[in-house]
Amino acid sequence: MIKIGKVFSMCLMFFCLTVDALPKTSIQHGTDAEGISRVKVTNETNLTLACYVAIDGYKKKFVLNPFKSSIWFAATSKLYNHRHFSTWCDSLAFHPIYEKYRE
């Protein structure tokens, strides 16, 4: 019985160490009138976020205010689709260098 408790507590400790607590955002994909893929990020928290949208190795960094949406970020060619975009957001308090990317 004690072994089961130890195994359970070890599993619980491992799970707690591997949780990734990023802010809640939603990602919208679409195309413009010319058929070029684009993406928009929406902040669903009351935190100011440091974010970037990347495609093909190029990053566009920006600051996203609470409960706001970013502008549409479009690809440069019709060859790209929604799978080529990468997005990331985290609290601006943890990444103050992003302050210079405020719009």
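Rule-based calculations on the coordinates, nothing more; no lab input. All values derive from a computational prediction rather than experimental measurement.
With the biggest extent put first, the Cα atoms of region 21-101 measure 37, 22, 21 Å across the principal axes.
The HN-Hα couplings worked out from phi for region 33-49 by the Karplus form 6.51 cos²θ - 1.76 cosθ + 1.60 (θ = phi - 60°) are 5, 8, x, 8, 5, 8, 9, 9, 10, 10, 8, 9, 10, 9, 9, 7, 10 Hz, whole numbers, x standing for Gly and Pro.
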